[in-house]
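Take a look at the structure set out below.
The values are calculated or read from the model by the stated rules, or taken from the named source; none is laboratory data. This is a predicted model, so every value here is computed, not measured. Ideal geometry is used to build each Cβ from the backbone, glycine not excepted, and the neighbour counts take in all protein chains shown.
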Amino acid sequence: MHEAFQVTTVVDKLNRVESIYAHGDRLLIGTASGQLMVYDTKEPLVADNNQIPEVTLAMIVKAFSKRPIEQLDIIKEIDFLVSLSDGLVSLHDLRTFEFRMALQKTKGANLFAIQTMVEMSPEERIPVLITRLAVAVRKKLLVFVWKDTAFDETKELNIPDRIKAMAWVGTTKICLGFSTEYALMDVEAGQLTELFAPTGPAEGGPMSTLTGLYNMYGSRGGKPMVTKIPNNEILLARDHVSIFLGLDGTPTRKVGIEWSGFPEQIGYSYPYVIAILPKHVEVRNIQTLALVQQIELSSARFLNQGKLVYVASSSQIWRLTPFSFSTQIDQLVDKHEYEEAVSLLDQIDAVLIDNKEEKLKAIRTAYGHDLFHRGEYDTALNLFQELNTPPAHVIRLYPEMISGSLSMTRSDDEVDSLSSLRRKENDNDDDNDSHSQNHSHHLQLQRPESRQSNKSKATTATTKSGHKEVPLTGLNLHDAVTYLIRFLTDKRQKLSKKLNGGPPNSPQKSSSKPVDEKEYEDLMYEASLVDTALLKAYMMTNDALVGPLLRVQNHCDVQECETILMDKKKYKELVDLYNCKGLHGQALDLLARLGQQAEGPLRGVVPTIRYLQRLGLTQFDLVLKYSRWVLEKDPRSGMDIFIDDLAEVETFPRDSVVQHLESISGDLAIQYLEYILEELRDKSPHFHNKLAIAYLDKIKAEGSQDSENKAALRSRLIAFLTESTYYRAEKILSRLPLDDLFEERAILLSRIGQHDQALDIYVYKLSNYTMAEEYCTKIYRDDPEKGEKMYLTLLRVYLQPSNNQKPLLEPALDLLAHHGSHINASQVLSLLPLPTHLHGLFPFFEKYIRTSNKNRNMDMVVKNLLKAEQLQVEEQLAFYRSRAVKITEDRMCPQCNKRIGNSVFAVFPNGVVVHYSCKEKIEQTQWKLL
């Protein structure tokens, strides 16, 4: 609770007060003896400066009435004072209090209610000022109407019971209170609607809900009361409870005001409901229904509601002067009653207070801090999220294990949310002191003189408000961190959208609103705080989420997170952090150190291999540097760095990779060269030469001794030299030994067109006549003419050796026997030695002659076929030349029925002549039919 009103005794020692009414600067008091006492008032609008209201007796109208004055009110628009005395409503002049008239129809009245409103005239459709005076007379309701200050009409409505309370709630509606029930009366239609009828609308409807709400408290006495309050609500009293209804009679709130006793009178003074109870006066917030102030006035009976609140007993008058809203809010903030402060500030009109939204946010933030310290973490973090509180202000509420350098005491964080605003308020007050004193609704939040004094004040407020601070440890800390994760995740998404456009002057296009350099730096700082705190929160609640956070784009503080992850031995996550931040060298150093250990999740070469494969061309130097230890430790797996089927791998500069691998192992270089030539189809002569030379160097390293490894290498070299067409044979030849690798030399000689030398190697170095014949046959298949020359060259190699060796007659005769038909006989005979026996040449001559005869016979067949074809063509030509068509002047086209004349025509095989254009139409029609 706090002090909303300052209570001051303004008049005492009165004799039997029966009614009071205050308006303007006057206070009217009606007594039991019929006297009207008029007081002039001079009082402050607010009680902040301890000014006491001055109430001075101006006059006593002794002959105002002969009986007790039971009720007073005014009709300001027509300057009438309305009074109820001796069961009769009378009208007096509001200035002089002279008697004007008595409303004789009201004889027996016990209550009246006044309403003045501007309404549209149904006839002229112009605004008209209408005043209605409702008077309760036994079981009747009289309604007097004034239009534009002139008396217009009187209505008399029958009522089922005596009216004990009433108030206008609409243009033509009035709420009536009876002994045990309430009803709405439409004075124009004369229709009465009971609000709490035992039988009514279907179950579940608004009226049944109202009936249940009304009856749930039972019936223990108390008089009915009707109070019209803002927001189009009515407050009805039943026993010790007041219920809220809309102007149509339906309930507007699920709960009502539960007073500590039976109210005697209820009134409203913005923004409070005030009730006189048997022993005291209660003031409650109309929005939260919380008890704001309890005033000990045991003898109070009467209440004047409105801006000027007076409470009276039978002999004494008290003025309830409101404190300014700024003072009231200060009280609530100091007592940590933030929810009530927010409610009060929320009800203040924005035009009556400077920076309302800013101040409201500051108090709600302080409320969030208070909720947090009381252990209501879910509600507090929801409020911070709704207020879009800066992440630093929330993170610093947590212990150092989460907040790091932001860690601070409770007194610090409670002050921070309001301190800047309070400093601004005090600065404004110093510059505009007189203005502030006159501003009745100016919010002023006092600036703390020192942190120590504020801490003491906060402690006192906590004690007053009864709030118990919950220690932020154990399960409480775990819950608080869980809700922090939700807050940080939401904040992270919002920051991501703002940072989506990149830094200022960035060429990256985005739909996000561009930010300036200073704002961008602030956003980056916030993003770093959020992601770093989020990582710490994950480490505390669910460390499985750390990896996913670090594997995506994040703004974690590297130094701080590095220490945490290293202490917790979260090496894999630390590698992810380095990778995301582009600190690849640090990541690879860590992987190299852990990879060479005997145990651990990152032992071995595979983690380093996977990391290097993702780096790509931009970090190629690191790939070369850190792949060395991998290749030395596990060359088979390590080669995946350079030969795996990945886009990044294929972008590596191949020549640099070859040089790097050669510096480690020739076998690795060969493996890589085979990969780029066979898998990647590289056609560069440079790499083809390198692979051939690498094979040669490896074969030479094996020495002159034959082995399975050397044989396998030679097979690979020979296959490569045979299949590849991109290497430079001259460069390879120069590296061949003179006394070895003859087959390789033959292949290379063949590539440069030195076929006779190649055949000489097959015949005299390798003594492999079959390979020599196959060599020629292969050429013959590709080019028969060139192949015939190859066979002749081989025959010459056999019969005319270059190294003074003995001619090889037998292989020569075998060659002639197999392929003699492809060699010119005259050239063969010129090469054969004279001592050659004829029977050895029989197979050659037989095959040669048979082939020659076959060719001659085939030529004759072809000749005869061509001659027959010529005769057929000549016959067809004669036939077509013998056909003729005669076009006369009368010849008509059967298609268009027009003369052929000199037009281009066409003749069908059956002799029909048509225009050429008609021929095309006939053919198109036939195609469609098909």
Self-check item: Residue count for region 128-164, restricted to those that are at pLDDT below 90, touching a strand residue (DSSP E or B) at 6+ places or on another chain (Cβ under 7 Å) and exposed (fewer than 11 other Cβ atoms within 10 Å of the Cβ)
Solution: 1
Exercise. Select, from Glu70, Glu18, Glu3, the only residue that is in contact with a Gly (Cβ under 7 Å, 6 or more places away or on another chain), within 30 Å of Arg284 (Cβ to Cβ) and of a type outside the set (Gly, Ala, Ser).
Key: Glu18
Self-check item: Failed condition for Gln586, given (1) modelled with pLDDT of 95 or more; (2) crowded, with 18+ Cβ neighbours inside 10 Å; (3) farther than 20 Å from Ile664 by Cα
Solution: (2)
Quiz item: Between residues in region 790-806 that are within 16 Å of Lys765 (Cα to Cα) and residues that are modelled with pLDDT of 80 or more and of a type in the set (Gly, Ala, Ser), which pairs lie under 9 Å by C-beta distance while being six or more apart or on different chains?
Solution: Leu794/Ala772; Val797/Ala772; Tyr798/Ala772
Practice problem: Using the structure shown, decide if Ala480 is within 30 Å of Glu337 (Cβ to Cβ), surrounded by 12 or more Cβ atoms within 10 Å (Cβ to Cβ) and either at pLDDT 80 or above or out of contact with any Leu (no Cβ under 9 Å at 6 or more places or on another chain) (or both). | Solution: yes
Quiz item: Do we have any residue at all in region 87-110 that's of a type in the set (Asp, Glu) and outside any strand (DSSP E or B)?
Solution: yes
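Condition test on Thr116, is it touching a helix residue (DSSP H, G or I) at 6+ places or on another chain (Cβ under 9 Å) and assigned to a strand (DSSP E or B)?
So Thr116 passes the test.
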Quiz item: Quick one: how many residues across region 249-259 are surrounded by 14 or more Cβ atoms within 10 Å (Cβ to Cβ) and free of Cβ contacts under 8 Å to residues at least 24 places away in the same chain?
Solution: 2
Quiz prompt | Checking Asp40 against (1) free of Cβ contacts under 8 Å to residues at least 60 places away in the same chain; (2) surrounded by 19 or more Cβ atoms within 10 Å (Cβ to Cβ); (3) among the acidic types (Asp, Glu), the condition it does not meet | solution = (2)
Quiz item: Which members of region 621-637 meet the condition of being under 41 Å from the mean Cα position of the chain (by Cα) and surrounded by 17 or more Cβ atoms within 10 Å (Cβ to Cβ)?
Solution: Val623, Leu624, Tyr626, Ser627
Exercise. For residues that are more than 41 Å from the chain's Cα centre (by Cα) and within 13 Å of Ile286 (Cα to Cα), scanning just region 223-243, find the one that is modelled with the lowest pLDDT.
Key: Ile229
Practice problem: Among what's in region 9-31 and is out of contact with any Asp or Glu (no Cβ under 7 Å at 6 or more places or on another chain) and not aliphatic (A, V, I, L, M), pick the residue that is surrounded by the most Cβ atoms within 10 Å (Cβ to Cβ). | Solution: His23
Self-check item: Of all residues in region 75-127 being exposed (fewer than 12 other Cβ atoms within 10 Å of the Cβ) and among the aliphatic types (A, V, I, L, M), the one that is farthest from the chain's Cα centre (by Cα)
Solution: Met101
Quiz item: Has region 750-757 got at least one residue that is under 20 Å from Leu673 (Cα atoms) and more than 60 Å from the chain's Cα centre (by Cα)?
Solution: no
Exercise. Would you mind listing the helices (runs of 4 or more DSSP H) fully within region 737-820 where at least 3 residues are more than 28 Å from Arg850 (Cα to Cα)?
Key: 742-751, 755-760
Exercise. Sort out which residues of region 809-823 are among the aliphatic types (A, V, I, L, M) and surrounded by fewer than 19 Cβ atoms within 10 Å (Cβ to Cβ), and write them in order of number.
Key: Leu809, Ala817
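Test Leu103 against the stated conditions and say whether it is at pLDDT 95 or above and either of a type in the set (S, T, N, Q) or more than 30 Å from Thr327 (Cβ to Cβ) (or both).
no
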Practice problem: Return only the number of the condition from (1) modelled with pLDDT under 95; (2) closer than 24 Å to Gly24 by Cα that Thr172 does not satisfy. | Solution: (2)
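Across region 123-169, what is the number of residues that are assigned to a loop (DSSP other than H, G, I, E, B), closer than 22 Å to Lys228 by Cα, in contact (Cβ under 8 Å) with a residue 40 or more places away in the chain and in contact with a Ser or Thr (Cβ under 9 Å, 6 or more places away or on another chain)?
Residues in region 123-169 being assigned to a loop (DSSP other than H, G, I, E, B), closer than 22 Å to Lys228 by Cα, in contact (Cβ under 8 Å) with a residue 40 or more places away in the chain and in contact with a Ser or Thr (Cβ under 9 Å, 6 or more places away or on another chain): 2 in total.
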